[in-house]
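The values are calculated or read from the model by the stated rules, or taken from the named source; none is laboratory data. Values in this document were obtained by computation on a predicted structure and should not be read as measured data. Cβ placement follows ideal geometry from the backbone for every residue including glycine, while neighbour counts extend to all protein chains displayed.
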Amino acid sequence: MLFNRKFSSFLLVLALAFLLSTQITEAKGAVAVVAAVVVVVAIVAVAVVAAAAVAQIGLAAAPGVFTTLAGTAIVGAVMVGAGLLAADCLFDKSNVSANPIDPNIICTSRGGGGGGGIATLQVDVMVNGSDGPVEFTAPANFKIQWAIAGPAESCSAIGDWSGSVSNVRGETEMSNVQIGNYSYGIRCTGAGQEASDSVFVKVVSSLPAIDFKGPDVVEIPDSITLFWATERADSLMASGDWSGSKQVGPLPYKSETFTKPRGSYTFILTASNSYGSTTSQVNTKVIQVPRCTFTANPTSIILPQSSTLSWSCQYADTCSIDQGIGSVNNISGTKDVRPTETTTYTLTCDGLDGSRSYQATVNVGFTPKLREVIPR
């Protein structure tokens, strides 16, 4: 016997593995390596089993002559079987699933359940080996890569590029892409199928960005609060009417609060990184206008009662009250009033940078009049 029973059983197991291996449709990485080994070993097993059967017949018929021929038949069967299946895998594009980054190739069964099925149309688009989304700084340079599998008859670029795509696998270089959001895709049709894939790219400024806010006008004695946030900044320096190194970073806002005397101020921030610098500024005017309190006590009276108007002011140069009262002290004072009806009094004061007005109201009620009625 050319093979003993144990070895023949081993060959039959490998042949069964070959039958199962034809159902493998796609694998990547370590799985692809294992699957490929199984397929190759199974191919050899089937070839050896077939050749062994032929050799057994040959040895039985002519044992003295056929030994060498049997060995030749075995080796030949192995080479032919492996070669045919390898050629079927490599040259029948409808049976290949390819990846441009991971080039492992696993064959699929021709049978499709015994009916000669059509392969699935597949499209894969990547940027620099990534399915995205991908972010670059401007001006951006990158590669668009693609792989097309299955019965593709017509393929075209979609999104922010255009043209026909003819290669099963390929790549193209994009250069000097400016700030913006982009989509690069491919759409293919064939054998009644349609498939597409896209990858999204965002190109941002390489220079630092500053979001800087502050008040336009502040009234003494209020304080000034400045707010800022940065992106892509390695350092941040203040200049103008403030100074020093400030904290960098995105939202939430960083802040600083301080007071300034009357005047106009410019606050500047300069953010820097290895690409350059960006400057932003806030202009604030600090003004001096009257700040007063103005009240009536009591706010409601019944004649002949009276109410007292009281006021206290800062930063006022002159003050006056309407309703015939006229000029009053610009710092503080009181005034008794006895209106005959509900009346609103207005205190108006002028300062260096404008005037302000304040109001107080006195409500007037009446005592009911009683009339004596003498019974008849």
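Tabulated data for the structure shown
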| item | result |
| --- | --- |
| Within the range 171-195, tally of residues that are small (Gly, Ala, Ser), within 18 Å of Pro151 (Cβ to Cβ) and part of a strand (DSSP E or B) | 2 |
| Conditions (1) buried (at least 17 other Cβ atoms within 10 Å of the Cβ); (2) in contact with an Asp or Glu (Cβ under 8 Å, 6 or more places away or on another chain): number failed by Ala209 | (1) |
| Restricting the range 331-360 to residues that are without any contact (Cβ under 8 Å) to a residue 24 or more places away in the chain and part of a loop (DSSP other than H, G, I, E, B), the residue that is farthest from Ile220 (Cα to Cα) | Glu341 |
| Residue selected from the range 139-170 under the condition at pLDDT 90 or above and closer than 30 Å to Gly276 by Cβ, by the criterion surrounded by the most Cβ atoms within 10 Å (Cβ to Cβ) | Ala140 |
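Let's see how each residue does on (1) more than 16 Å from Gln281 (Cβ to Cβ); (2) of a type in the set (Ser, Thr, Tyr); (3) assigned to a strand (DSSP E or B); (4) over 19 Å from the mean Cα position of the chain (by Cα):
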position	(1), (2), (3), (4)
Val199	yes, no, yes, no
Val203	yes, no, yes, no
Ser206	yes, yes, no, no
Phe212	no, no, yes, yes
Pro221	yes, no, no, yes
Leu236	no, no, yes, yes
